[in-house]
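Read the structure below first, then the notes.
Here, each number is a calculation from the coordinates, and none is a lab measurement. Everything numeric in this text was worked out from a predicted model, so none of it was measured. Positions of Cβ are backbone-derived with ideal geometry, glycine not excepted, and every protein chain shown enters the neighbour counts.
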Amino acid sequence: MGTFHKDTHALHGITVVIDTPGKTVYVGRFHEQDDKRILLLDVDIHEDGANGRSKEEFVKRAAKFGVFKKHDHFEVPLSQVAGIRRLGDVTP
């Protein structure tokens, strides 16, 4: 259900998938959100078609095997967010 701290976002501590309208998808642990960006921790980033995988194939693989962290933290501008979902809700 996430980490329960006073005044934190409902997704705080949850590994999420952030999709963009472009080629990029982010998978990482949700830390915080403000009016400009979402801060993720332990983040992997995938570009559609990289390593022969679509964004959805990458997400399904992450759901099955976990996230292979490439960044300790990463800020995703809200203007680039097309959707957000829990990685645990993805069927591998």
Exercise. Restricted to the range 61-92, and to residues that are acidic (D, E) and under 14 Å from V43 (Cβ atoms), which residue is surrounded by the most Cβ atoms within 10 Å (Cβ to Cβ)?
Worked result: E75
Problem set entry | Checklist (1) out of contact with any strand residue (DSSP E or B) (no Cβ under 8 Å at 6 or more places or on another chain); (2) touching a residue at least 40 places away in the same chain (Cβ under 8 Å); (3) of a type outside the set (S, T, N, Q) applied to D89, failing item | (2)
Problem set entry | Test: R37 is surrounded by 15 or more Cβ atoms within 10 Å (Cβ to Cβ), farther than 15 Å from R86 by Cβ, free of Cβ contacts under 8 Å to residues at least 40 places away in the same chain and over 11 Å from the mean Cα position of the chain (by Cα) | no
For this session: Hey, can you tell me all the residues within the range 34-58 that are within 20 Å of D72 (Cβ to Cβ), touching a Phe, Trp or Tyr at 6+ places or on another chain (Cβ under 9 Å) and either outside any strand (DSSP E or B) or not charged (D, E, K, R) (or both)?
Result: I38, L39, L40, L41, V43, I45, H46
